[in-house]
Amino acid sequence: MDEVALVRAAQNGDLDSFNHLVLVYQEMAFNVAYRMLSDEDAAEDATQAAFLSAYRSLAGYRGGSFRAWVMRMVTNACYDELRRRQRRPTIPLEPMDNEDEEEIESPAWLADDSPSPEQSLEKGELDEAIQSCLNGLADEFKAVVVMVDIEGMDYQEVSVAINKPLGTVKSRVARARSKLRECLQSYWELLPAQFRLEDEDKV
Amino acid sequence: MTTPHFPDDWEILSAYLDGQLSSREMDKVRQRLESQPDLQRALDELQQTRAVLRAAPRRRAPRNFTLSPAMVPQRRRWLSLTPVFSFASALAVVLLVVSFAFTLLPGLNPTSQPLAAAPAPSQATKGFAAAAPQANDQSGGQPPIIAWGGATGMGGGSSPDQAPPGAGIGSAPATGVETLPTQDPNATPAVPSLTLPEPPVTSSTVQETPAATTEPALRNTVPSQGTGPILGIRPTQEQGKIEVTQESTQNLAYGAPEVTPAPGEGQTFLGRNLGAIQIGLGLLAVGFALAAILLRRKS
């Protein structure tokens, strides 16, 4: 049964057909949620909430890319979780002073055992380097660059997923890449060889 | 690390990298890349950034996220009731509007003669224009008194000045009666003709026996102005007037026989219960709308 037939059957209340679709997209949904939330447990909860929301909102699906429509549910679930975190923050992400933006030498910060960029890559943790840079992006930029560059979605699909015009997607992708380029600058020399530029005249 | 000369260049280069530019824009960027090494360098860095992101390790889903029937209980039943309530609410609103139309629009509500009579004068005047000379001739030279506004002879004969609109069905409103001053004050006294159970003045009676016709009619005629008695005889200055009803003038104009409506039991029912019906419809509309909203939120 193709995707269109599965969606139609699911819209008529066939839960098995919907679960077929869940199996197709659950890994992508989970990866998007993980990159957005940077936490596996939270990503798991958001993914489940997204599929539950998708099932309840199936009547509102009017065709087009079902993958993009599912990703809209995922990004909405992630935004909900991020808003919840903002309402009830647990620990400060960065120990910055509000006025001069200098680091505060608090014991908690000093005790932070987060790996430096060198350590991360020494451990072969390219994944953590990427995630660290992604965490420095605003949520709306993060969602777009994750879907375009990590999940390989096209601009049109992302436009559906975030419910914004194509020009907004284009602009956000560019700005996110520009910021990520700056962030990854500290990792350039430690990147695997295939990612290094041939001309090593970088500052 | 190099940067493009203009902030917008990042967006152009990013779109160029993804093939999101038109062919003309692509050519323009290629030309710039050939002549601007910094721009080429920035493009390379963007390409490198994209390559790193694309190489990000994918994570396996820790479990299946399929839904069980227990996770989506009775979804269909709730959802199927929501449009029913929405439709019922919309229907109640439509009926409410129709009921208001019956109240307000002329000609729809038999109990709203005062309003319905408002546009009548022009039409009645036409009828009178054709019938007046004839009636004038046959009434012994006395100027006729013409009344608009459904003086069909039903009701209790109350003064329209004092009675509420529609209280006496068929009663002529004060604004709907026009009288022409009589030339002979000693003519046949005018008597209210509004609430007569008998048939009202007809064209035939006006034409054939003016005196005999006007007498029962005038007996019940309500004075258009002043404070005459409800069932009494008109003041002296208003006696001798001939009153012609709207329907009779219309019938004169169109030659149609006048039909005297039976005592309006149906009209009375509408008149008495229209308010209650409107309140009920309003309550139903609000109730159904609330039910639909609550169900939608639950679902």
Per residue of B:40-53, other chain Cβ atoms within 10 Å number on average 6
Whose amide H sits under 5 Å from the amide H of B:Leu21, counting only residues 5 or more places off or on another chain, with H placed in the peptide plane?
none
Tell me which residues come under 5 Å, amide H to amide H, from B:Phe65 once H is placed; ignore anything under 5 positions away on its chain.
none
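The numbers here are math on the coordinates, done by the rules we state, and not lab data. Because the structure is a prediction, the values reported are computed rather than measured. Here Cβ is always computed from backbone atoms with ideal geometry, including for glycine, and neighbour counts include all displayed protein chains.
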